[in-house]
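Notes follow once the structure below has been shown.
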Amino acid sequence: MKITRAIAKRHIIHFILLVLLVVVDQLFKVWARGSLKGNEDITVIPGILSFSYLENRGAVWGIFQNKTTFLILLTAVIFVAVLVIYFKLPPKKKYNPARVLLVFIAAGGLGNIIDRVIFGYVTDFIRFDFIDFPVFNVADMYITVCEVIALILVFFVYRDDLDSKESSKESKQEEPSDGTSRF
């Protein structure tokens, strides 16, 4: 694939966005460690949303507790997979929303991996009080919200592209490459 000036500019903008998103996540976590650790929860919207400090030494809902090395490696593998998908997307403008979503997902992974490497845990502090839901952080929001939007895009926007790729694969399998018929 030929890298045009426009494509290079898009990659630079996405890299800057990635860095900014990680910085925002880390600033919120610094605030949480400084303001919430050892203090009472802060109620934002009574009965709905509060800030509550938590050192998450596992993954969501407490799975993989104290498996820091495993979680770092898993996150690194997923980060590389996200990068591969980002660069494999066709250069059409139609895929720009998908690229931005992948940048957010990568930023969320980096934000949490930074915590695990430096502290051995992820700083979580956002809590929904009205449901039994894990305490989470800004990086988790990047990942979760963008994964849901990405699934919606795949099923409803990019679906025709996926269907056409499948049908072109099927037709290639049906026709021998020398142009002769199988029958």
Next on the checklist: As I understand it, the value is the acute angle between the Cα axis of helix 5-35 and the longest principal axis of the Cα atoms of the chain; what does it come to in degrees, rounded to 10?
Outcome noted: 20 degrees
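For the chain, what is the accessible area per residue in Å² when the probe is 1.4 Å? If you can, show how the numbers build up before the last one.
Working: 11910 Å² over 183 residues.
Accessible surface, normalised per residue, equals 65 Å².
Run lengths n ≥ 4 of DSSP H only: what is the helix-derived mean residue ellipticity at 222 nm for the chain, with -39500 (n - 2.57) per run over all residues, to the nearest 500? It would help to have the intermediate numbers written out before the result.
Working: 5 runs with 107 residues, N = 183.
That comes out to -20500 deg cm²/dmol.
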Checklist outcome for this item: Taking Cα atoms, the helix 159-174 axis meets the longest principal axis of the chain at an angle in degrees (rounded to 10) of 40 degrees
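Would you mind classifying the chain by shape? Square roots of the alpha carbon gyration tensor eigenvalues, ordered a ≥ b ≥ c; an a/c under 1.5 is rounded, otherwise it is prolate if a/b is larger than b/c and oblate if not. Intermediate values should be presented prior to the final figure.
Working: a/c = 2.45, a/b = 2.17, b/c = 1.13.
Cα axes put the chain in the prolate bin.
Ignoring ligands, DNA and RNA, what percent of the 1.4 Å accessible area of the chain is carbon and sulfur? Please list the in-between numbers first.
Numbers: 8150 of 11910 Å².
Its accessible area is 68 percent carbon and sulfur atoms.
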Checklist entry - From the cross-link list Lys9/Lys29; Lys29/Lys94; Lys2/Lys88; Lys29/Lys93; Lys2/Lys92, which pairs have alpha carbons spaced over 23 Å apart? => result Lys9/Lys29; Lys29/Lys94; Lys29/Lys93
Item to check | Rg and Dmax [Cα atoms of the range 1-50; Å; Rg one decimal, Dmax integer] | outcome: 18.7, 55
Checklist outcome for this item: Stretched fully, the stretch from Phe64 through Ile114 gains (0.36 nm per residue minus C-alpha distance, one decimal, in nm) 16.2 nm
Item to check | Rounded if a/c under 1.5, otherwise prolate or oblate - the range 91-157, Cα gyration tensor axes | outcome: oblate
Item to check | Difference of contour (0.36 nm per residue) and Cα-Cα distance, Lys9 to Phe130 | outcome: 39.2 nm
Next on the checklist: Quick check on the range 33-92: take the gyration tensor over C-alpha atoms, sort the square-rooted eigenvalues as a ≥ b ≥ c, and tell me if it's rounded (a/c under 1.5), prolate or oblate.
Outcome noted: oblate
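Quick one: if the Förster radius is 45 Å, what FRET efficiency do Asn96 and Glu40 give, using the C-beta to C-beta distance and rounding to 0.05? Numbers along the way, then the final one.
On the way: r = 44 Å, r/R0 = 0.97.
So the FRET efficiency works out to roughly 0.55.
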Next on the checklist: Starting from the 7 Å offset along Cα-to-Cβ, what nm value, one decimal, do you get for the label separation of Lys88 and Val145?
Outcome noted: 2.8 nm
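Report the charge-dipole magnitude of the chain in Debye, nearest 20, computed about the Cα centre from +1 at each Lys and Arg Cβ and -1 at each Asp and Glu Cβ. Present the calculation step by step, with values, prior to reporting the outcome.
Details: 21 positive and 18 negative charges, 183 e Å.
My answer is approximately 880 debye.
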Checklist entry - For the range 1-47, which trypsin sites (Lys or Arg not before Pro) are in a loop by DSSP, counting at most 14 other Cβ atoms within 10 Å? => result Lys2, Lys37
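The values are calculated or read from the model by the stated rules, or taken from the named source; none is laboratory data. Bear in mind the structure is a predicted one, so any value in this text is a computation, not a measurement. Here the Cβ is made from the backbone with ideal geometry for all residues, glycine too, and neighbour counts use every protein chain on show. For accessibility, only protein heavy atoms count, side chains too; no ligands or nucleic acids. Shrake-Rupley method; radii C 1.70, N 1.55, O 1.52, S 1.80 Å.
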